[in-house]
Amino acid sequence: MAGCPYRKIRPLGEGSMGDVHLCVDVTQRRLLVVKWLRAELHEGSQAAIRFRREAELMTKANFPGVIKVEEWGLDEFGRTWMAMEFVDGLIPSAVVGPGDCWSVHRLLSGVGRSLDDLHGLGVVHRDLKPENVLLRSSVEGWEPIIIDLGIAKWLAQETATASGSVFGTPHYMSPEQCRDTKSVGPATDRYAMAIIAFELLAGRRPFEGRTIPELLRQHLESAVPDLQIPRRLRAGKDVGAKATALHSTPNLDAFMRKAMAKEPRVRFGGAGEMADEFERAARTDGLFEPADPADLAPLFPPATHPIAEIILDGEPRQRFDLRHGPIVLGRHEACQVVLNSPRLSRLHAVVYLHRGRIWAADLHSQNGTMFQGRALAGGVPMPFAAGPQTSVFTLYNRNVAVRLCTA
């Protein structure tokens, strides 16, 4: 069994079905995200079958605004894995504040286009939530990317799930999901989009049951509450000011009632239509304030010293632009910095750029890595100090200096 060719850097998340890690592809000098199923979900399990079906279909597809699945396989322990492109971004709530209708519209438009494309090809996500959307830097500040289709249902394919199965996250589940039906369709994803928009605008979710049964009952029976967006003292901009009252939002409240209607047929017929109606409602309520293009800075500050100069035995040897990918140190011939020592692991340590900062990480090596005199724990990267400076790796018995500088 060939196993997974990518080396883990750090964990990104863990769920009931498996875990997700940031990984490095040493041969192509890039970062990837790899999802593994849990070891107990053996190759013949229904979960593994669904996982592989999704991986096979997604590797053949290329949807704008949806994370790209690169490949999948089985590792040496029999665990099924799926490798996806790495998106360097932030969750929506880290960027979009309460009452920011312009940004919420931008999110609805971007995610909506992607969902309309997926729905047109017979794909329903069924677990859309803020954690499954990332905002990544673009020339216009940011753009949304759907990063997880872990339980997507291909409508044109025979369903791999048993009759009566329920999938989703309770806070974002549509009434039809709560009823445990097999008729989940595109309207389910648009219902979840509306809840995400509500949460971003109001700073809270529309339904907050204390137990799962109570939460499901609210989705099935309770009326959609008004947004109650705080009105803020204005001193140039709203951010950080003290709330004094509530905005009047009759049109946005009506939008939310339609977008979260109990019956799917009553909701908006498409994500594009939904985004357009949101903009109309926000403008009518006086809450649509387009951002100044000059204010649309990248999500992360650019690295001021992105060039890594490798110094061995006191002599500069190689220079790498970290904006073009990570650099791996080890004794494997594919490493960017090859060190001839039998005590080193084949892939021993890595230096990479993430969210505007430069990081050092041990790649779960056999004999460990010291960075600036401190041991690097596997899965716990350490940032380089800001500015032009030289840091020292000790890989068992080899010292490697890395000098950060400008181009």
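Yes/no matrix, rows are residues, columns are (1) at pLDDT 85 or above; (2) assigned to a loop (DSSP other than H, G, I, E, B); (3) within 25 Å of residue 124 (Cβ to Cβ):
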| position | (1), (2), (3) |
| --- | --- |
| 1 | no, yes, no |
| 10 | yes, no, no |
| 20 | yes, no, yes |
| 23 | yes, no, no |
| 28 | yes, yes, no |
| 44 | no, yes, no |
| 61 | no, yes, yes |
| 82 | yes, no, yes |
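What number of residues within the stretch 75-122 are in contact with a strand residue (DSSP E or B) (Cβ under 6 Å, 6 or more places away or on another chain) and on the phi > 0 side of the Ramachandran plot?
Residues flagged as in contact with a strand residue (DSSP E or B) (Cβ under 6 Å, 6 or more places away or on another chain) and on the phi > 0 side of the Ramachandran plot within the stretch 75-122 amount to 1.
Here is a check on your reading of the model: is residue 326 within 29 Å of residue 96 (Cα to Cα) and under 31 Å from the mean Cα position of the chain (by Cα)?
no
So, in the stretch 81-109, of the ones that are closer than 27 Å to residue 8 by Cβ and touching a Phe, Trp or Tyr at 6+ places or on another chain (Cβ under 9 Å), which residue ends up surrounded by the fewest Cβ atoms within 10 Å (Cβ to Cβ)?
If we take residues in the stretch 81-109 being closer than 27 Å to residue 8 by Cβ and touching a Phe, Trp or Tyr at 6+ places or on another chain (Cβ under 9 Å), then 88 is surrounded by the fewest Cβ atoms within 10 Å (Cβ to Cβ).
For the stretch 122-151, give me the residue count where each residue is under 21 Å from residue 70 (Cβ atoms) and aliphatic (A, V, I, L, M).
Number satisfying all stated conditions: 8.
Tell me whether the stretch 289-302 contains one or more residues that are open to solvent by less than 70 Å² (accessible area, probe 1.4 Å), of a type in the set (A, V, I, L, M, F, W, C) and not in a loop (DSSP other than H, G, I, E, B).
no
Does at least one position in the stretch 243-252 carry a residue that is modelled with pLDDT of 95 or more, out of contact with any Gly (no Cβ under 9 Å at 6 or more places or on another chain) and surrounded by 15 or more Cβ atoms within 10 Å (Cβ to Cβ)?
Looking for residues that are modelled with pLDDT of 95 or more, out of contact with any Gly (no Cβ under 9 Å at 6 or more places or on another chain) and surrounded by 15 or more Cβ atoms within 10 Å (Cβ to Cβ), one finds at least one in the stretch 243-252, hence yes.
Surrounded by 19 or more Cβ atoms within 10 Å (Cβ to Cβ) and hydroxyl-bearing (Ser, Thr, Tyr): is that true of residue 59 in this structure?
Against the criterion (surrounded by 19 or more Cβ atoms within 10 Å (Cβ to Cβ) and hydroxyl-bearing (Ser, Thr, Tyr)), residue 59 does not qualify.
Could you name every one of the strands (runs of 3 or more DSSP E) located completely within the stretch 319-407 that has at least 3 residues being open to solvent by 20 Å² or more (accessible area, probe 1.4 Å)?
390-395, 398-405
Collect the residues in the stretch 303-313 that are within 21 Å of residue 397 (Cα to Cα), surrounded by fewer than 18 Cβ atoms within 10 Å (Cβ to Cβ) and touching a residue at least 40 places away in the same chain (Cβ under 8 Å), keeping them in residue-number order.
Within the stretch 303-313, 309, 311, 312 meet the criteria.
Looking at (1) at pLDDT 90 or above; (2) in contact with a strand residue (DSSP E or B) (Cβ under 8 Å, 6 or more places away or on another chain), which one does residue 125 not meet, given that it meets all the others?
So the condition that residue 125 fails would be (1).
So, in the stretch 186-213, how many residues would count as being open to solvent by less than 50 Å² (accessible area, probe 1.4 Å) and over 25 Å from the mean Cα position of the chain (by Cα)?
1
Kindly provide the set of residues from the stretch 63-80 that are surrounded by 21 or more Cβ atoms within 10 Å (Cβ to Cβ) and in a loop (DSSP other than H, G, I, E, B), ordered by number.
Of everything in the stretch 63-80, just one residue is surrounded by 21 or more Cβ atoms within 10 Å (Cβ to Cβ) and in a loop (DSSP other than H, G, I, E, B), namely 79.
Somewhere in the stretch 69-79, is a residue modelled with pLDDT of 75 or more and either closer than 30 Å to residue 282 by Cβ or of a type in the set (Val, Ile, Thr) (or both)?
Scanning the stretch 69-79 turns up at least one residue that is modelled with pLDDT of 75 or more and either closer than 30 Å to residue 282 by Cβ or of a type in the set (Val, Ile, Thr) (or both).
Given (1) in a helix (DSSP H, G or I); (2) of a type outside the set (A, V, I, L, M, F, W, C); (3) in contact with a Ser or Thr (Cβ under 9 Å, 6 or more places away or on another chain), identify the lone condition not met by residue 110.
It is condition (3) that residue 110 fails.
Keeping to the stretch 332-384, report how many residues are of a type in the set (Ser, Thr, Tyr) and touching a His at 6+ places or on another chain (Cβ under 6 Å).
Residues flagged as of a type in the set (Ser, Thr, Tyr) and touching a His at 6+ places or on another chain (Cβ under 6 Å) within the stretch 332-384 amount to 1.
The values are calculated or read from the model by the stated rules, or taken from the named source; none is laboratory data. Because the structure is predicted, anything quoted here is derived from the model rather than measured. Virtual Cβ from ideal backbone geometry, glycine too; neighbours counted across all protein chains shown. The protein model used for the area step is the full one, side chains on, heavy atoms only, and it has no ligands, DNA or RNA in it. Shrake-Rupley method; radii C 1.70, N 1.55, O 1.52, S 1.80 Å.
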